[in-house]
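What follows is a set of notes on a single structure, which appears directly below.
The values are calculated or read from the model by the stated rules, or taken from the named source; none is laboratory data. Note that the structure is a prediction, hence the values are computed from the model and not measured. Positions of Cβ are backbone-derived with ideal geometry, glycine not excepted, and every protein chain shown enters the neighbour counts.
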Amino acid sequence: MRDDQTGPARDREGRAAREERGRPPRRIVVVSGGGIAAYKIPDLVRKLVRAGHSVRCALTPAAASFVSPLALQTVSGEPVRQSLLDPGEEGQIGHIDLADWAELVIVAPATANLLARMAHGLADDLVTTVLLATRAPVLVAPAMNLNMWDHPATRQNLDILRSRGVHMVGPDSGELACGWEGAGRMSEPAAIAEVAESVLCPDTLAGERVLITAGGTREALDPVRALTNRSSGKMGYALAAEAARRGAEVVLVSAPTNLPIPVGVRRVDVESALEMRSAVLDEIDACGIAICCAAVADFRPAEAASRKIKKEDLEPDAGLRLELVRNPDILAEIAAPGGERARRVVVGFAAESHDVIGASERKLARKGCDLLVANDISRRDAGFETDTNAVILLEPGAGPEELPLLPKGEVAARILDRVDKIRGERSSRS
Ligand code: CTP
């Protein structure tokens, strides 16, 4: 899916990409309660549609004061339902049709009132009737004043809903529309869409612990300067998000990036290659899958100056000679053959500017990993600092598979599909 695409072409591509991965587009009903956060719902619907899903919306009477039904109709491409008693809408007992049609119901914003009505099984308007009638999983995104959020009545209602298997996302903390500051802001549409994917996604990695390295390491020269590289960390973070979505417990060992921690992921922050190695060695024993996506500096300054290197301390006009020493190869170390290694799937990355397949095949053999993901960094639309990537997957004893240019989230899904396949083959052999 290209980022510069808009409209139906982009939505169709979203759907095609899902089909190709064996993750069909899903039918999602978004119901909204009457809170100010409802103004963000067109953005949520747009994100779900772009991801390839079909979306229908229903509003409580109060919600329609905060978000325009026409805006929702435009982004979903479907009529918006508001009334239980509308003879036109209810021609075919529409509320039951909507409840049966849904493969997931998202309640956003879920106000204190709507949560209470859900918890107690009321069905006095279209939204609560759909919620009572549906057999689909339900994801709620609460939004309310923080005192309402903290009230024992709301707490008990949430406990009731959780005990019935209702999924929750948020709320976030921050400035609230009522002027208070604290917990009660509805999660951002991107986070809600992300959690919706994990509710819909098959739990192929449930019970598995996955270690992922990401970002470009920083090798200090002195307290203000460092040697680093152009890695943004986006590919590693996309892998972490996708692994969490598939039910894994994810540890993301990350060099500095500007990226938010993906939902459900534990991040361990590091700077240098040596720090990354020691964090990886602390975590690796408990992990059945390791994916080394970080751009680890191969060399570091032999000595990092403890004080800032000052020009006035050097000869006038003199250059500066740096002595670099080798960093340990973290991937090679954890992929080294051995008892533990035999049960772990290890994935490496290769950044190559020329002879991509040849160099990657040699790297696969040299590093001893189970899967190597090769990047052609000479392309401008793939590799470092981009949102898309075009990679080649190499496994020992199998021909290379070249994937088309895809968003990094899709590439992450393809890589984890391949990891699933390797694990499946291993368990059928043993
Ligand atoms: N890697 C690592 N530790 C290092 C260097 C690299 O774990 N000190 C991992 C990276 O995370 C990546 C893979 O090794 O998964 C390949 O890194 P790359 O820099 O492309 O290859 P190198 O082995 O460093 O070889 P070269 O620089 O000669 O291409």
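Number of residues in segment 250-267 that are out of contact with any Gly (no Cβ under 6 Å at 6 or more places or on another chain) and buried (at least 18 other Cβ atoms within 10 Å of the Cβ) equals 8. Out of Val31, Val49, one residue alone is outside any loop (DSSP other than H, G, I, E, B), at pLDDT 95 or above and over 30 Å from Leu146 (Cβ atoms). It is Val49.
Of the numbered criteria (1) in contact with a Leu (Cβ under 7 Å, 6 or more places away or on another chain); (2) touching a residue at least 60 places away in the same chain (Cβ under 8 Å); (3) under 21 Å from Ala64 (Cβ atoms), the one Ala136 fails is (3).
Considering the conditions (1) among the acidic types (Asp, Glu); (2) within 24 Å of Leu221 (Cα to Cα); (3) modelled with pLDDT under 95; (4) touching an Asp or Glu at 6+ places or on another chain (Cβ under 9 Å), Glu340 is excluded by exactly one of them, (2). Does Ala240 satisfy being away from the ligand (no atom under 16 Å from the Cβ) and assigned by TED's automatic domain parsing to the domain that holds Val411? So Ala240 does not fit the description; no. For Ala351, the criteria (1) at pLDDT below 95; (2) away from the ligand (no atom under 12 Å from the Cβ); (3) under 26 Å from the mean Cα position of the chain (by Cα) hold in every case but one, which is (2).
For segment 354-371, the tally of residues that are near the ligand (Cβ under 9 Å from one of its atoms) and either over 28 Å from the mean Cα position of the chain (by Cα) or within 20 Å of Thr217 (Cα to Cα) (or both) stands at 4. Checking every residue in segment 409-417 against the condition of being outside any helix (DSSP H, G or I), within 21 Å of Gly215 (Cβ to Cβ) and under 23 Å from the mean Cα position of the chain (by Cα) gives zero matches.
Out of Asp100, Asp4, Asp43, one residue alone is modelled with pLDDT of 95 or more and not hydroxyl-bearing (Ser, Thr, Tyr). It is Asp43. Identification of helices (runs of 4 or more DSSP H) wholly contained in segment 110-220 with 1 or more residues that are modelled with pLDDT of 90 or more and over 30 Å from Asp100 (Cβ atoms) yields 146-150, 152-163. All conditions in (1) more than 30 Å from Gly424 (Cα to Cα); (2) without any contact (Cβ under 8 Å) to a residue 24 or more places away in the chain; (3) within 16 Å of the ligand (Cβ to nearest atom) hold for Asp282, with the sole exception of (1).
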